[in-house]
Amino acid sequence: MAGRLQLDSPVEQLQWQDARRSYVWRKAASAAWGHHVLEYPLCDAGSLSGQMLLLLPGQASALEAAQTDTVYLGVEGELEFTSGPERHVVGALDLLGIARQANYRFTNCGLSNALVFCMRSKKAEGEPSAAACIHMAWKDYRNEFRWGLPFADQWGFHRGAGPHMRLDGLSGHTVRHPVGQASPWHAAERDLLFIQLQGNSAFRAAGKVWELAPWDLLVIHARTPYSYFNAGTEESVFLDMGMRITQASTYYAEDPGWPVRADARVLKTEKDAHGQVRLV
């Protein structure tokens, strides 16, 4: 294993500048040419984990079974995933959900390195999904972003929420965030794992500001209020992933402080037809 980021505080960060130096070749196939998979440090986010993987051209993973619900995010290059008769080509910003107990492998059939980010649930509950794979291609879902999040219709709070990748054990989506815009303070009822994909973001949480550059990871533990803003010069794109959503996030009228003040004012929200939160 290429090392581990263990969450021991409400917020934890793993910067790519550091993680890229701590790689190992996956041991299961390290002696066999054709099956070399490069692994970077595992990020432990409480109820889920995430890890960056790299494949050289012409390399493939060994056939494996998903022990829990798993989501792969395309970062650079392309990987071809096969699961039984299914075949899915995963490129940059594509999402591929793999249901628990599904057998699969991935191959780099291209001429350049391929980088993907793998997220796994830590729980294996209920019956596995009937569909082995759910593929959300960027070229399709980039037209489905919604700009109706709380305060998103107000200048200064514009941000777009992509459609959710929903498995029994994991749920997450990409977020587009224009320059000079922020989010209101809110807190999720689940652990969240963020990966910065394009541009730069800054998160306020637990009394600090956390700056994210491309491929940096940030973990925000359940019920920790946070707000993010784009102080860069280009649009920011990041992905957040957590366990299945069972309760809507709490939105605050202002900074609730840390620890959260007893008098912090909570805004009334509800879920829309797409499962996204909006102000009442």
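A few notes on this one:
- Leading residue by the ranking (modelled with the lowest pLDDT) among those in region 222-251 that are among the hydrophobic types (A, V, I, L, M, F, W, C) and more than 25 Å from Arg265 (Cβ to Cβ): Ala231
- Scanning region 162-172 for residues that are buried (at least 21 other Cβ atoms within 10 Å of the Cβ) and either touching a His at 6+ places or on another chain (Cβ under 9 Å) or outside the structural domain of Thr233 (by TED's automatic domain parsing) (or both) yields a total of 4.
- Counting only strands (runs of 3 or more DSSP E) that sit wholly inside region 174-280, those with at least 2 residues that are of a type in the set (Ser, Thr, Tyr) are 226-229, 250-252.
- When the strands (runs of 3 or more DSSP E) confined to region 86-163 are screened for residues that are within 19 Å of Gln196 (Cβ to Cβ), out of contact with any helix residue (DSSP H, G or I) (no Cβ under 8 Å at 6 or more places or on another chain) and at pLDDT below 95, none reaches at least 1 such residues.
- Whenever a residue of region 40-54 is touching a residue at least 24 places away in the same chain (Cβ under 8 Å), its partners that are in a loop (DSSP other than H, G, I, E, B) and of a type in the set (Asp, Glu), lying with C-beta atoms within less than 8 angstrom and at least six residues away or across chains, give the pairs Ala45/Asp191; Gly46/Asp191; Ser47/Asp191; Leu48/Asp191.
- Checking Asp69, Asp44 one by one, the residue that is crowded, with 19+ Cβ neighbours inside 10 Å, more than 25 Å from Lys139 (Cβ to Cβ) and assigned by TED's automatic domain parsing to the domain that holds Arg20 is Asp44 and no other.
- Residues located in region 133-162, provided they are among the small types (Gly, Ala, Ser) and at positive phi: Gly156
- Flag for Leu239 being surrounded by 16 or more Cβ atoms within 10 Å (Cβ to Cβ), of a type outside the set (D, E, K, R) and in contact (Cβ under 8 Å) with a residue 12 or more places away in the chain: yes
- Members of region 187-204 that are under 20 Å from Gly156 (Cβ atoms), of a type outside the set (Phe, Trp, Tyr) and surrounded by 21 or more Cβ atoms within 10 Å (Cβ to Cβ): Ser201
- Residue in region 184-192 that is within 15 Å of the chain's Cα centre (by Cα) and closer than 25 Å to Arg142 by Cα present: yes
The values are calculated or read from the model by the stated rules, or taken from the named source; none is laboratory data. What you see is a predicted model; the values in this text were computed from it and never measured. Counting neighbours? That spans all protein chains shown, and the Cβs are built from the backbone with ideal geometry, glycine included.
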